[in-house]
Amino acid sequence: MMSEQENNERLVKEAQASFITVSGQTYHVYRRDDGTSFVSMIHPEEWNMTRFKLEHVCPVVRSDDGTWEQAPVAQGIEQPPPKR
């Protein structure tokens with residue numbers, strides 16, 4: 001059986017981004033109710049998670065080599081982006 005961290009790592013690797021990502025930036029991986037995952041610039045506090053049936057998996061950072069790495073929770077979750 002896969003641990004939660006192993007499952008998160010799998011979801012991050014499978015996640016689709018429909019925009020050009022920038023190395024060093026923090027993004028967020030979400031899982032849809034159909035099990036697919038995607039990368040978004042939108043912080044979890046900015047979504048209506050119930051309406052869109054989303055689960056926040058983890059914050060991630062795009063590495064210089066194009067791979068995704070899980071970001072420390074404090075970097076991704078506890079510090080929402082500034083309001084525009």
Could you grab me the full set of residues in the range 44-66 that are out of contact with any helix residue (DSSP H, G or I) (no Cβ under 9 Å at 6 or more places or on another chain), within 19 Å of residue 16 (Cβ to Cβ) and not hydrophobic (A, V, I, L, M, F, W, C)?
53, 55, 62, 63, 65, 66
Of everything in the range 40-65 that's among the hydrophobic types (A, V, I, L, M, F, W, C) and assigned to a strand (DSSP E or B), which residue is surrounded by the most Cβ atoms within 10 Å (Cβ to Cβ)?
60
Which number in (1) modelled with pLDDT of 75 or more; (2) more than 13 Å from the chain's Cα centre (by Cα); (3) polar (S, T, N, Q) marks the one condition that residue 70 misses?
(2)
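The values are calculated or read from the model by the stated rules, or taken from the named source; none is laboratory data. Everything numeric here is computed off the predicted structure, so don't read it as measured data. Every residue, glycine among them, receives a Cβ derived from its backbone with ideal geometry; neighbour counts consider all protein chains shown.
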